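Here is the structure we will look at, set down as structure tokens.
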């Protein structure tokens, strides 16, 4: 994980320095925002790969404050909100381009996509607060609500990506590509990944978390209140390098710190629909969607 993270950070720096920004103001702001949003996710994942921990059990790799559960959770809150904002901003921007290219065909779907992009970011913000609550108190309810809200957000996003995928087929090939990141690849891959994620989320992950929370209730587990919970999350560490301890989360951690980060790096390329007649990306009157 550490090797992958070093490669990710180097790739982020190279992509930042080599990216060619559009001369169109709105597109340039979009490109800059996308690469700024990628930074926290790339760097926080690198930190967490070097100093891994498991929130609820307070298991850490090192007995060091660098592995503090509380610090890791707070950084993850910022990073994950940035990542989802990246996804939703790209969705909103590509949809704006489609509205310009296909103005008579997308009125209702355009409104849905723009609204759901903003709602999903808000949903994830609340989900992260629920995760913070679960980490601090050790209550399974916090983690259940977190993953339920992640599932709700991406359930809302799936029809928007399906709409993009179908609408982009109506455009000529040259209109679907901006910089090195194809709007078509973005829409199709997002749709497929989200569909697979939702099948797993609603059939396995959320039900498992619900059962874990019910087990806590049946066992009369005592939760921490806020103040003592913050202190416990900040200072309690059970250092372990046993494979059996880390085995249940190892596959998830590797995927999260590799594939998850690669999606953020790919989004730095800022998928765009080319709508101007002369082949420039975007439109001089196109405004960056506000979040």
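Where a number appears in this text, it was derived from the coordinates with a stated rule and is not lab data. Since the model is a prediction, treat every value here as computed from it, not as a measurement. All Cβ positions, even for glycine, are placed from backbone atoms using ideal geometry, and neighbour counts span all protein chains on display.
Tabulated values for the structure
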quantity: Calculated [θ] (222 nm, deg cm²/dmol) that DSSP helices of n ≥ 4 give over the chain, each run adding -39,500 (n - 2.57); calculated: -23500 deg cm²/dmol
quantity: Debye intensity ratio in log₁₀ form over the Cα atoms of region 1-43, taken at each q of 0.14 Å⁻¹; calculated: -0.37
quantity: Protection proxy ranking, peptides 127-134, 225-232, average beta carbon neighbours within 10 Å, highest first; calculated: 127-134, 225-232
quantity: Linear extension gain, residue 23 paired with residue 254, 0.36 nm per residue minus alpha-carbon span; calculated: 79.3 nm
quantity: Likely footprinting exposure, 89, 162, fewest C-beta neighbours within 10 Å first; calculated: 162, 89
quantity: Normalised contact order of region 22-74, rounded percent, pairs of Cα under 8 Å and 6 or more residues apart; calculated: 22
quantity: Distance from region 211-272 to region 1-53 (C-alpha centre basis), Å; calculated: 22
quantity: Global geometry of region 186-238, whether rounded, prolate or oblate, following the gyration tensor of its Cα atoms and the 1.5 cut on a/c; calculated: oblate
quantity: Contour excess over end-to-end distance, with Cα ends at residue 126 and residue 218 and 0.36 nm allotted per residue; calculated: 30.4 nm
quantity: Protection-proxy order for peptides 248-261, 136-149, each taking the mean of Cβ atoms within 10 Å per residue, highest first; calculated: 136-149, 248-261
quantity: Square roots of five times the Cα gyration tensor eigenvalues for the chain, Å; calculated: 38, 21, 15
quantity: Nearest-0.05 FRET efficiency for residue 230 and residue 193, computed from C-beta distance (R0 30 Å); calculated: 0.30
quantity: Cα-based Rg and Dmax for region 1-115, where Dmax is the largest Cα-Cα distance (Å); calculated: 18.5, 61
